[in-house]
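*Asks:* Below is a structure I'd like to ask you about.
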Amino acid sequence: MNIKKLIKFLVIAAILGILAVWFFVFKLPTTEWYRNFTTKKGDNTTAADIATAFQKNEQDATTKYNGKIIEISGVVKESSIENSNTTVTLTTLDSMTTVYIVLKDSIQPLTAGENVKIKGKCSGYLVDSTFGNNIQFNEGEIIKK
């Protein structure tokens, strides 16, 4: 009787082991929450280039950049802490258009005039006649100062 229980236990343990291996090897890596943002490589561009793309053809630029991870190089116009998040604004060729990035980690604000490369997820283009146009990014990470 004890041998039957032991065999039954081993069969169930083997099945659970196979399911666990399948989950961790095949299923888990395909889920979005598992994918680590820091390991994703984004498309490279400059703040000036992305601003020019949105100004020339907003619809095409939205299709190309929106929702995607982009690595943006540029010069810091200003940086501050807003709602416990560090924000960075990069300059572009047009004084009325900026690249606005909310960093995912709260750090000390960056120095104006500093050259940086930041990776972030593009969340769209905001046209505002009062404050200027902003290309918005979230989940930003500083790659290089």
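The values are calculated or read from the model by the stated rules, or taken from the named source; none is laboratory data. Nothing here was measured: the structure is a model prediction, and the numbers come from that model. Every residue, glycine as well, gets a Cβ built from its backbone with ideal geometry; the counts of neighbours run over all protein chains shown.
*Asks:* From LYS121, LYS77, grab the single residue that is surrounded by 14 or more Cβ atoms within 10 Å (Cβ to Cβ), in the same structural domain as THR46 (by TED's automatic domain parsing) and either under 17 Å from the mean Cα position of the chain (by Cα) or part of a loop (DSSP other than H, G, I, E, B) (or both). Show your work before the answer.
*Replies:* Working: LYS77 fails: either under 17 Å from the mean Cα position of the chain (by Cα) or part of a loop (DSSP other than H, G, I, E, B) (or both).
When all the criteria are applied, what remains is LYS121.
*Asks:* Here is a follow-up. Name the residue that is modelled with the lowest pLDDT, counting only residues in the stretch 3-48 that are closer than 16 Å to GLY120 by Cβ, in a helix (DSSP H, G or I) and among the β-branched types (Val, Ile, Thr).
*Replies:* Here the answer is THR38.
*Asks:* Restricting to the stretch 95-118, name every residue that is part of a loop (DSSP other than H, G, I, E, B) and either surrounded by 21 or more Cβ atoms within 10 Å (Cβ to Cβ) or in contact with a strand residue (DSSP E or B) (Cβ under 8 Å, 6 or more places away or on another chain) (or both). Even if it seems obvious, please write down each step before you answer.
*Replies:* Taking the stretch 95-118 first, the residues part of a loop (DSSP other than H, G, I, E, B) are 95-96, 104-114.
MET96, LYS104, ASP105, SER106, ILE107, GLN108, PRO109, LEU110, THR111, ALA112, GLY113, GLU114, listed by residue number.
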